[in-house]
Amino acid sequence: MRKLFFSESACKETKLHSAPHSWLPLERGSLSKSSGHASGGTSIESLMKMPEPAVLPHFKPADYVDILAQIHEELESCPPDEKSCLYLLQFQVFRGLGEAKLLRRSLQSAWEKASTIHEKLIFGAWLKYEKKGEEAISDLLSSCGKCSQEFRLLDFVSQVSTGAHDMSYDEESDEFRGSAVVHFRIRDDMIACDRRKLAALSTPLYAMLNGGFRESYLEVIDMSRNGISPIGMRAISKFSLSGRLPYLSADAILEMLDFANKFCCKGLKDACERKLASFVSSRQDAIDFMECALELGCSILAASCLQVLLNELPECLNDEQVVRIFSSANKQQRLTMVGNASFSLYCLLSEVSMSTNPTSDVTLSFLEKLVESASDSRQKQLALHQLACTRFLRKDYAEAEPLFSAAFSAGHLYSVVGLARLTSLRGNKHFALKLLDSVMSSRWPLGWMYQERALYLDGDSKLENLNKATELDPTLTYPYMFRAASLMKRQSVEAALMEINRILGFKLVLECLELRFCCYLALEDYRAALCDVQAILTLAPDYRMIGGRVAAKQLRMLVLENVEQSTTADCWMQLYDRWSSVDDIGSLSVIYQMLESDTSKGVLYFRQSLLLLRLNCPEAAMRSLQLAREHAASNHERLVYEGWILYDTGHCEEGLQKAEASIAIQRSFEAFFLKAYALADSSLDPSTSATVVSLLEDALRCPSDRLRKGQALNNLGSVYVDCGKLDLAAECYINALKIGHTRAHQGLARVHFLRNNRTGAYDEMTKLIEKARNNASAYEKRSEYCDRELTKADLQMVTKLDPLRVYPYRYRAAVLMDNHKEKEAIEELTKAIAFKADLNLLHLRAAFHEHIGDISSALRDCRAALSVDPNHQEMLELHHRVNSQEP
């Protein structure tokens, strides 16, 4: 039901970087393309100074399917203590693929499968870091009586078993030479101790008090020079009798811990560690106690300190004392601090530090520790490559080269990019090409290989390689930007605009929006330029343009001076028009402008979140939802936004609770709509449909605007279709269209089709294609209502508009298979799998491999697919069947 309510988007969310287009004049009133000079020089010439694509510091295996299959196979048979490391590797593969949802799930699995307390706290802290900004969700869950486990500190001290540490001896047969009571003199104090009980604390004490030493016969032993105070010694005496520590200050327990360490009293040391662990509550506590823990080898105390420090990521890495602890720890100290989870710890620390400043000394020191901690080939590939990337960014070229070379030799093919860049920097482009050609000749070439090759070529050869890169991997940004910049240089601004629109049609990248902004300025289309800069600011409020030299907000103000101001009424009309024409970026821009003056900020931020979800920007959407909550005009409105926050983070039942609480205060469109939406998505009971219909009818009876009422009518039509009530469904869709809800054409087409009117369905989808600015999904849907040739044409158009949509590849592969062209069918799927880790593509290719008897390839695809979705029932069945056929 959910997919009927929001249009599907197959876009990938991309990390947002700036592109240095230093050609935009910054003087007030100098936005005309005729002003050829500014601080950055000639506009078009400056635009051509395109930055090279970054050498990505990710684990990027040449065949990610093979690696995922290996990981899945190992997870099936490995001991429990190896699972977390395998899920961490899986996380790194998905990080390299840009699959945000999948990498977070791998991280969650690593946390759930953690076999040691160290792994549990590391991956728990990592999850918290990945979910930075979502702490409000934890508070909302608490208000519903549910806790978010990852945000809680672990009470692991009680979970670590004590074990039997004290000496054992026979009370009857073990004869003690000295008196039963021994006194310890500490300066002017005398502390009486039970000789037998104290001797039982450790072998050294036993030897001292009942061995061949002089102290065995003494009744008074001077302990003034052993660093223990009278208070500490009395506590040790009490511990020897009862096995429990009395309540003491941290300083006194530290004395006892030092004593226990000197005399090898394992039981006493363990008890002191546990007691000190309870004192660790702040960063400074953790710093102070960690130094002691590492010096004395206290693993429980060290873990308690580590948890507090990791819980404060990334802020704690601004503290030099914290950085020193992590960057100076030797192998033995790392073993004390994190056991065998050293690689996982430095993976986390490196990632946090790289995201803050990839060239800092802190990042460098953590990555060096990561290399030291790497134990197997795959870990070494990642660690060496990441350290090489940081060295490269720091321009430490002499140090970077052997690291890239070592990573490449270990099997990380992508590291050849670093080697080629370094070779080119030395002026030897020919050898850089030879390096890449040697890699490409040994395997199926990938898009990034052609993109990299193009950097060392000129003219037509460069463009040919970039075109090949786009053909093999249409998600690569650089080729589109370079082609657009080349067209700009030739004064073909309209053609440049078309080129950059190709990628913006399916992948929202800020650097591409910035380039399009520049194109619009060259055309003197200031309203369109304003639209793009406002969309940029919606996605990244602090974004800086022109190579990071100018704040996007400043450029917006300059462009705004050249655009006629709109009233609030004008803005609402523009929003209706853009929403109806499925212009999501344009709608974002209008909302940004309205937020400057409109008092209904909660409503506007909520609309903004809906658009961002459609554009596949879930983090930005969540930020907007939280702003909607902050700016809610009433309590019942706030509850609705809280419900959506919970629903969008997978807490459907809690979302329903918030909707019901809102309705109890005041009946409103949004509260009923939320309840209907959540109920339809959470219940498989057919009888639920009647409740959903009733809720949507209640929503439609409440005041709202045309945009939302159109969505409600569309959803109601979908429910009626599912119930077989086609006349009522058609009425809903027609009413939705009357108030400008363009997507209702798709629902009405479905009604025509179910009435055996394929022509009517095709015509209805044609209307949607004509009206919608983003219409790849409309072409895909229309392909279901026409003959094979028209279907092929529509699906080719889908792939052209949005190459990330997987259905066209599957359809074409199925047609080829029907025509007994098995090799071509598999190649069609392989082409898409190369740049998109999709369950359905892998599933179909596995089935094709099984059909032609290639069981090993089928099994590999099954395992990779189950890495993408481990609970997919059909995939599990195919995997079981194929696995049983393997020789």
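Can you spot a residue in segment 19-41 that is at pLDDT below 50, under 23 Å from residue 421 (Cα atoms) and either touching a Leu at 6+ places or on another chain (Cβ under 7 Å) or of a type in the set (D, E, K, R) (or both)? Yes, because at least one residue in segment 19-41 is at pLDDT below 50, under 23 Å from residue 421 (Cα atoms) and either touching a Leu at 6+ places or on another chain (Cβ under 7 Å) or of a type in the set (D, E, K, R) (or both). So, residue 842, is that one in contact (Cβ under 8 Å) with a residue 40 or more places away in the chain, outside the structural domain of residue 89 (by the TED database), under 19 Å from residue 71 (Cα atoms) and of a type in the set (A, V, I, L, M, F, W, C) or not? Yes; evaluated as a whole, the condition is true for this residue. Being open to solvent by 60 Å² or more (accessible area, probe 1.4 Å) and touching a Ser or Thr at 6+ places or on another chain (Cβ under 7 Å) is a property that residue 524 has. Taken over segment 237-252, the criterion of being surrounded by 21 or more Cβ atoms within 10 Å (Cβ to Cβ) and in contact with an Asp or Glu (Cβ under 9 Å, 6 or more places away or on another chain) is satisfied by 240 alone. Filtered by the rule that a residue be within 24 Å of residue 541 (Cα to Cα), of a type outside the set (Ser, Thr, Tyr), open to solvent by 10 Å² or more (accessible area, probe 1.4 Å) and part of a helix (DSSP H, G or I), segment 498-521 gives 501, 504, 511, 516. Of the conditions (1) in contact with a Pro (Cβ under 7 Å, 6 or more places away or on another chain); (2) open to solvent by 20 Å² or more (accessible area, probe 1.4 Å); (3) closer than 27 Å to residue 420 by Cβ, residue 356 clears all except one; give me its number. Going through (1) in contact with a Pro (Cβ under 7 Å, 6 or more places away or on another chain); (2) open to solvent by 20 Å² or more (accessible area, probe 1.4 Å); (3) closer than 27 Å to residue 420 by Cβ one by one, residue 356 breaks only (3). On the stretch given as segment 862-880, residues that are in contact with an Asp or Glu (Cβ under 9 Å, 6 or more places away or on another chain) and open to solvent by 20 Å² or more (accessible area, probe 1.4 Å) total 1.
Once segment 538-570 is narrowed to residues that are of a type in the set (Asp, Glu) and in a loop (DSSP other than H, G, I, E, B), the residue that is farthest from residue 521 (Cα to Cα) is 542.
Scanning segment 694-725 for residues that are among the hydrophobic types (A, V, I, L, M, F, W, C) and open to solvent by less than 20 Å² (accessible area, probe 1.4 Å) turns up 695, 696, 699, 702, 707, 712, 716, 719, 721. Scanning segment 88-146 for residues that are part of a helix (DSSP H, G or I) and of a type in the set (Gly, Ala, Ser) yields a total of 11.
Looking at 415, 409, just one residue is modelled with pLDDT of 95 or more, within 22 Å of residue 456 (Cα to Cα) and part of a helix (DSSP H, G or I), and that residue is 415.
Residue 261 falls short of the stated requirement of being open to solvent by 20 Å² or more (accessible area, probe 1.4 Å) and assigned to a loop (DSSP other than H, G, I, E, B).
On the stretch given as segment 200-238, residues that are closer than 21 Å to residue 272 by Cα and either β-branched (Val, Ile, Thr) or touching a residue at least 40 places away in the same chain (Cβ under 8 Å) (or both) total 14.
When we screen 667, 638 for residues that are open to solvent by 20 Å² or more (accessible area, probe 1.4 Å), in a loop (DSSP other than H, G, I, E, B), closer than 30 Å to residue 691 by Cβ and among the basic types (Lys, Arg), the only hit is 667. Just one of the listed residues (656, 646, 627, 610) is crowded, with 23+ Cβ neighbours inside 10 Å and either on the phi < 0 side of the Ramachandran plot or assigned to a helix (DSSP H, G or I) (or both), and it is 646.
In a residue-by-residue description of segment 717-732, the property of being part of a helix (DSSP H, G or I) and within 17 Å of residue 576 (Cα to Cα) applies to no position.
Of the numbered criteria (1) modelled with pLDDT of 95 or more; (2) closer than 27 Å to residue 535 by Cβ, the one residue 661 fails is (2).
Please tell me if residue 301 is open to solvent by less than 40 Å² (accessible area, probe 1.4 Å), within 19 Å of residue 122 (Cα to Cα), at pLDDT 90 or above and not in a helix (DSSP H, G or I). Here the answer is no, as residue 301 does not meet what is asked. Would you check if there is a residue in segment 370-379 being within 26 Å of the chain's Cα centre (by Cα), closer than 23 Å to residue 125 by Cα, assigned to a helix (DSSP H, G or I) and among the hydrophobic types (A, V, I, L, M, F, W, C)? Yes, segment 370-379 contains at least one residue that is within 26 Å of the chain's Cα centre (by Cα), closer than 23 Å to residue 125 by Cα, assigned to a helix (DSSP H, G or I) and among the hydrophobic types (A, V, I, L, M, F, W, C).
Would you pick out the residues in segment 512-551 that are more than 25 Å from the chain's Cα centre (by Cα), closer than 23 Å to residue 627 by Cα and free of Cβ contacts under 8 Å to residues at least 24 places away in the same chain? If the condition is that a residue be more than 25 Å from the chain's Cα centre (by Cα), closer than 23 Å to residue 627 by Cα and free of Cβ contacts under 8 Å to residues at least 24 places away in the same chain, then 551 is the only one that fits.
Counting only residues that are open to solvent by 10 Å² or more (accessible area, probe 1.4 Å) and touching a residue at least 40 places away in the same chain (Cβ under 8 Å), segment 369-385 holds 5 of them.
When restricted to residues that are over 19 Å from residue 860 (Cα atoms) and either free of Cβ contacts under 8 Å to residues at least 40 places away in the same chain or open to solvent by 20 Å² or more (accessible area, probe 1.4 Å) (or both), segment 76-97 contains 7. Scanning segment 115-146 for residues that are of a type in the set (A, V, I, L, M) and within 17 Å of residue 300 (Cα to Cα), we see that the one that is modelled with the highest pLDDT is 122. Residues in segment 572-607 that are in a helix (DSSP H, G or I), within 19 Å of residue 627 (Cα to Cα) and open to solvent by 30 Å² or more (accessible area, probe 1.4 Å): 592, 593, 601, 603, 605.
For segment 760-772, which residues satisfy the criterion of being of a type outside the set (A, V, I, L, M) and in contact (Cβ under 8 Å) with a residue 24 or more places away in the chain? If the condition is that a residue be of a type outside the set (A, V, I, L, M) and in contact (Cβ under 8 Å) with a residue 24 or more places away in the chain, then 762, 771 are the ones that fit.
Considering segment 456-484, and only residues there that are of a type in the set (A, V, I, L, M) and buried (at least 22 other Cβ atoms within 10 Å of the Cβ), the residue that is nearest to residue 53 (Cα to Cα) turns out to be 481. Just give me the residues in segment 192-204 being surrounded by 21 or more Cβ atoms within 10 Å (Cβ to Cβ) and part of a strand (DSSP E or B), in sequence order. Answer for segment 192-204, where residues must be surrounded by 21 or more Cβ atoms within 10 Å (Cβ to Cβ) and part of a strand (DSSP E or B): just 193.
The values are calculated or read from the model by the stated rules, or taken from the named source; none is laboratory data. What you see is a predicted model; the values in this text were computed from it and never measured. A quick note on method: Cβ atoms are made from the backbone with ideal geometry, for glycine too, and the neighbour counts reach across all protein chains shown. Accessible surface is based on the protein model in full, side chains and every heavy atom, while ligands, DNA and RNA are left aside. Shrake-Rupley method; radii C 1.70, N 1.55, O 1.52, S 1.80 Å.
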